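First up is the structure itself, then whatever we jot down about it.
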Amino acid sequence: MEDKKPKPIDPCTISSTTGSFFDLRPLSIKPPEEGKKPPKNAKVDSWHARGYDYKGNFTLNVCAPVVEGVQDVVGVDKGLWKNVSAFYEFDGKKYSVG
């Protein structure tokens, strides 16, 4: 009897128990290469969401750190600020959510 292991999931993808597959990579924002202009109509900043029922504003990137440099993130070591992929601002402070 052969032991069948599930196929590993590709990075930045999700699948459901029914086998539906979703590739999130097109949502990931990459900063333009240094010294190069981004392609016309390319999104060059992170995704932003206003917290309508929450008094904070959210900034996020999918499967990558936020494009804008983030500093002074509450509870996150300075060396890890470059890895923050989602945060919200509330009362003048930044809080990481991923």
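Values in this text are rule-based calculations from the coordinates and carry no lab data. On a predicted model such as this, the values are computed, not experimentally measured, just so you know. Every residue, glycine as well, gets a Cβ built from its backbone with ideal geometry; the counts of neighbours run over all protein chains shown.
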Burial ordering of Leu27, Leu60, fewest other beta-carbon atoms within 10 Å first = Leu27, Leu60
Projected onto the charge dipole of the chain (unit charges on the beta-carbon of Lys, Arg, Asp and Glu, signs +1, +1, -1, -1), the Cα from Ser15, Ser28, Phe58 with the largest positive-side position is that of Ser28
In Å, descending, principal axis extents of the Cα set of the chain = 60, 34, 31
Provide, in order from the shortest bin, the percent of all Cα-Cα pairs of the range 46-98 in each 10 Å bin, continuing until the bin that contains the maximum pair distance.
-> 27, 58, 14, 0
